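Below is one structure, written out as structure tokens; comments come after it.
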Amino acid sequence: MKATARRTAKATIEAAKDASLALPRRPLDDLLLYRLSRLLAVAGSMVIRLCEGRFGITRREWRLIATLASRGELGSSQLAEHAQLDRARTSKAVGSLVEKKLVSRVSRVARAGDRRQVRLRLTDSGQALYDALFPLVTAINGELMGALDAGEAERFDAALHRLQERAERMVAQAVLPKADRGRHAVR
């Protein structure tokens with residue numbers, strides 16, 4: 001089964017290579033994902049500076065705090081899913097937030113046959129941090145979106161929704177190898 005998955009992944013990668021060779025070469029600046037990454041790097045740096053400089057948390061910790069604030073008490077796996085982070089990074093960030101007394105672990109005994117589950121929630125300090133930081137992040141987003149008039153903002157929002165849906169379908173249908181995180185370069 002693994003051999004079949006590897007052959008399918010290799011075929012998917014080869015098909016993508018073949019398709020890319022048929023396209024005219026375009027500058028990196030024309031690629032949507034690259035442009036979005038640059039926008040996030042520039043505009044997001046203000047949020048990161050607030051998080052790290054004023055509030056003593058990382059952007060990943062902020063994402064988890066904001067997710068818990070908006071969704072309420074969650075299990076670690078649910079938190080990772082909603083925050084769109086892998087479980088290992090979520091676990092590490094949760095540990096840090098617990099040490100900082102911004103998140104607490106709440107143990108619950110599940111129904112018969114289930115294992116004991118640990119759920120996470122914001123502490124009063126975590127909620128206070130969220131209440132102080134969220135308006136600042138909202139102001140940064142508002143200033144950025146101020147570059148668009150109301151109609152452009154509405155069309156941009158609709159386009160982002162369509163792109164998100166398409167990306168989720170692509171991921172669900174893709175047969176790709178697992179990320180190697182740079183340990184072994186593919187040649």
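Before I look further, what does segment 33-90 give for accessible area per residue, probe 1.4 Å, in whole square angstrom?
On the way: 3690 Å² over 58 residues.
Counting only protein heavy atoms, the per-residue value for segment 33-90 is 64 Å².
So for each of 91-101, 58-68, 160-170 I average, over its residues, the number of other beta carbons within 10 Å; can you give me the resulting order with the highest mean first?
The peptides rank, most packed first, as 58-68, 91-101, 160-170.
How much accessible area does GLU81 have with a 1.4 Å probe, in Å² rounded to the nearest 10?
Roughly 140 Å² of GLU81 is accessible to a 1.4 Å probe.
Per the 1.4 Å probe, what fraction of the accessible area of segment 48-139, in percent, lies on carbon and sulfur atoms?
Percent of accessible area from carbon and sulfur atoms in segment 48-139: 46.
From the backbone phi of segment 88-95, what are the Karplus-calculated ³J(HN,Hα) couplings (6.51 cos²θ - 1.76 cosθ + 1.60, θ = phi - 60°) in whole Hz, Gly and Pro given as x?
Listing the rounded values in order: 5, 5, 4, 4, 4, 5, 4, x Hz.
Quick one: Karplus J couplings for segment 60-76, per residue in order, coefficients 6.51, -1.76, 1.60, θ = phi - 60°, nearest Hz, x for Gly and Pro?
Each residue of segment 60-76 in turn: 5, 5, 4, 4, 5, 4, 4, 5, 5, 5, 8, 9, x, 4, 9, x, 4 Hz.
The values are calculated or read from the model by the stated rules, or taken from the named source; none is laboratory data. Please read these numbers as outputs of a predicted model, since none were measured by experiment. With ideal geometry, Cβ positions are generated from the backbone for all residues, glycine too; neighbour counts draw on all protein chains shown. Areas reflect the complete protein model, heavy atoms only, side chains present, ligands, DNA and RNA absent. Shrake-Rupley method; radii C 1.70, N 1.55, O 1.52, S 1.80 Å.
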